[in-house]
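J.: Here's a structure for you.
Just so it is clear, none of the values below were taken in a lab; they were calculated from the coordinates. Because the structure is a prediction, the values reported are computed rather than measured. Cβ atoms come from the backbone with ideal geometry, glycine included; neighbour counts cover every protein chain shown.
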Amino acid sequence: MNRQLLESELKKAGVKVLGWEFTLRCDACGRRWEPFIRPDDDESRIEVRPGYWKCPSGCNRAAKANPQVEAATPRCVVVNDMTGVVFDEEDFKDFKDYVISVNETEAQRPSDHAAR
C-alpha cells in the first residue's frame, strides 16, 4: 500500500496524516499521535501497533479500516539528514523529491546578512 492510498483510507476513519514522519491527527478532537514504534536494534524498521489509526481519545473507535491499512508495512528512511516514513518505492521517490525541493528552497533564500 502506498502513502497516497493509505492517507485516503485513514481519512475515511477520521484521521489525517501529517508530515513525512507520519504523525496522525484526529479530525474530531485534533489530538495528535505517533502511531509506530521504532525498535532500538534497527532504526529503519518500524513496528505497527494493532489499531494504530485509532484516536487515543477513542473518537473513531467504531470506524472500520480497510485490512490493507492494518497490514501497512512502513520503513524509516533518511535522506540528507531528513527522516521520513515510507511504504513503498514510489513513496521513497516522493520523499526524495520533497527533500530536494526543501534543500533547493533553503539554498535560494537570501541570507540574513544580505538583507542588512
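J.: Find me the longest stretch of the chain that has none of the exposed GluC sites (Glu not before Pro), where exposed means in a DSSP loop (not H, G, I, E or B) with at most 14 other Cβ atoms within 10 Å. Don't skip to the answer; put the middle values down first.
T.: Details: sites that count: E21, E43.
Of all site-free stretches, the longest is 44-116.
J.: Provide Rg and Dmax in Å for the stretch 3-108, with only Cα atoms included in the calculation.
T.: In Å, with Rg to one decimal and Dmax whole: 14.5, 48.
J.: At a 10 angstrom cut-off on C-beta neighbours, averaged per residue, how do the peptides 72-79, 58-65 rank from highest to lowest? Display every interim value, and only then the final one.
T.: On the way: 72-79: 17.0, 58-65: 13.8.
Highest mean packing first, the order is 72-79, 58-65.
J.: Structure shown: which of K11/K64; K12/K54; K16/K54; K64/K93; K11/K54 lie over 19 Å apart, alpha-carbon to alpha-carbon? Present the calculation step by step, with values, prior to reporting the outcome.
T.: Numbers: K11/K64 11 Å; K12/K54 12 Å; K16/K54 11 Å; K64/K93 30 Å; K11/K54 11 Å.
Exceeds cut-off: K64/K93.
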